[in-house]
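Before any comments, here is the structure.
Laboratory data are not the source of any read-out in this text; all were calculated from the coordinates shown. Since this is a predicted model, take the numbers as computed values, not measurements. Glycine gets a Cβ as well: all are built from the backbone with ideal geometry, and neighbour counts include every protein chain shown.
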Amino acid sequence: MVFPRAFQSYVPRSHCVTSHVYGAILVNRYNETVVIRGRQSGKWSFPKGHGVSKEAPLDACLRELKEETGIDLKGVSPDDEIRFRSGTYFVFFVGERLPLIPEDVKEVVEAMWTPLYRLCYLTGNKDLTSFCKCVSVSSILSKMSAKVF
């Protein structure tokens, strides 16, 4: 059976799809976000990865965040969600610069906090590039300003 064209790019919110990635965008009170540099590509990206079958998208996001940065936000609800063609990213507003200690050093060369305004100057993967082109940083910061830390 072939799905109508309008539904071919549909990504459910209840479970992971293997062709899609799930990631985290952390923003702290200093207007910084976490990026990781992949060992294979050498490009910067938000922490992300593929989910496993029957894993909830948020669970996949949090697992990848922990593996690639050492940050454990299990039990924390996201403050926003951003969807690109190839990935779903959960946005978390955090108060401080959390320590970055990647657990998966086979995939991650380094992790760093960087100012949001510098993202567009990094050599990034397609999702980081999409973020720079399509997402209003000022709208993210205005949502963050409403959160009490």
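Remark: the Cys134-Val105 segment gains 7.4 nm on full extension, using 0.36 nm per residue and subtracting the alpha carbon distance. Taking the inverse of the mean 1/r over every pair of distinct Cα atoms in segment 17-142 gives a Kirkwood hydrodynamic radius of 14.3 Å. Considering only DSSP beta bridges where both residues belong to the chain, give the percentage that are antiparallel (nearest 5). The antiparallel fraction comes to roughly 70 percent.
Taking the Cβ of Ser41 as the center, what net charge do the other residues with Cβ under 11 Å away carry, scoring Lys and Arg +1 and Asp and Glu -1? Neighbourhood net charge equals +3. For the chain, calculate the relative contact order in percent as a whole number, restricting contacts to Cα pairs under 8 Å that are 6 or more residues apart. In percent, rounded to a whole number, it is 27. Computed from backbone phi, the HN-Hα couplings of segment 74-87 come to 4, x, 9, 7, x, 8, 6, 9, 10, 10, 10, 4, 9, x Hz, rounded to whole numbers (Karplus: 6.51 cos²θ - 1.76 cosθ + 1.60, θ = phi - 60°; Gly and Pro given as x).
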